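**Q** Right, I'll just put the structure down here and ask away after.
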Amino acid sequence: MKSFTASLKRSLCLSAIALGSIFQCAFAGTPVLGFEVGVSTFEQVNAGLAKKTRVENTGVNKFSNGPMLKTDGSAYEIDGLTEVLYIFDEQKKLMGVVMDMNKSRFDAIYQFLAPKYKLSEQQRPFVGNQFARFRTADSTIELDAPHMSFEMSVRYMRNDLVQKFKAQSQAEAAAKKKSESSKF
């Protein structure tokens, strides 16, 4: 009977450890540039960046109502990276990271992301706009390279930020259409 009890205790202990690991993974954010979307705080990001590069507070984001930080791309040692914008929510949790970089990096960045994340949409013509969207449990990652531009954006955004952006953009478009129609 002692052996059964000891075996049961070991099994329960191992189950608790496994569940703890699963829950820890479930609450982990999407990693980007040494931080985690949805987990890292304004203070953590600001302190981490201040050690490496000049950080500029760029005001309040109109979609998240939280603060934003901006840096140039020099501290990251990523070819072609020119600017990084960090977007936070009202509770000062990281909601999004927008990286501007040279468009020639599209294929390389795509290859970095493809094995790590689930591809949900892509447009990769030989000539024209290139776009790819990847998804994680809580975030959306987009590569957006407009045809007539020399730059592209790599966006890591929490899903609720994406929804707020879509809702507000639709409302603004409807208001503009209504305003224009009233003038005729």
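A short reminder: the numbers here are calculations on the coordinates, not readings from a lab. Computed from a predicted model, the values in this text were never measured in an experiment. In this analysis, Cβ positions are derived from the backbone assuming ideal geometry, glycine residues included, and neighbour counts consider all displayed protein chains.
**Q** Can you list the lysines whose alpha carbon sits under 17 Å from that of Lys70, skipping same-chain ones fewer than 8 residues off?
**A** Within reach: Lys51, Lys52, Lys62, Lys92, Lys93.
**Q** If contacts are Cα pairs under 8 angstrom and at least 6 residues apart, what is the relative contact order of the stretch 30-182 in percent? Write out the running numbers ahead of the final one.
**A** Values: 284 pairs, mean separation 27.8, N = 153.
18 percent.
**Q** Moving on. Figure the gain on full extension for Ala175 and Asn129 (residue separation times 0.36 nm, minus the Cα-Cα span) and round it to one decimal in nm.
**A** Numbers: separation 46, 0.36 × 46 = 16.56 nm, distance 2.78 nm.
Roughly 13.8 nm would be gained on extension.
**Q** Related question: Can you list which of the chymotrypsin sites (Phe, Trp or Tyr not before Pro) found in the stretch 127-158 are DSSP loop residues with at most 14 other C-beta atoms within 10 Å?
**A** Values: sites: Phe131, Phe134, Phe150, Tyr156; in loops: Phe150.
For chymotrypsin sites (Phe, Trp or Tyr not before Pro) across the stretch 127-158 that sit outside H, G, I, E and B with at most 14 neighbouring Cβ atoms in 10 Å, the list reads Phe150.
**Q** P(r) for the stretch 30-182, please, calculated from all Cα pair distances in 5 Å bins and given in %.
**A** Calculated over all Cα pairs of the stretch 30-182, the distribution is 2, 9, 17, 20, 19, 17, 10, 4, 2, 1, 0 percent.
**Q** If you keep only loop residues by DSSP, which GluC sites (Glu not before Pro) in the stretch 66-162 have at most 16 other Cβ atoms within 10 Å of their Cβ?
**A** Details: sites: Glu77, Glu83, Glu90, Glu121, Glu142, Glu151; in loops: Glu77, Glu90.
Those that pass, being in a loop and sparsely packed, are Glu77, Glu90.
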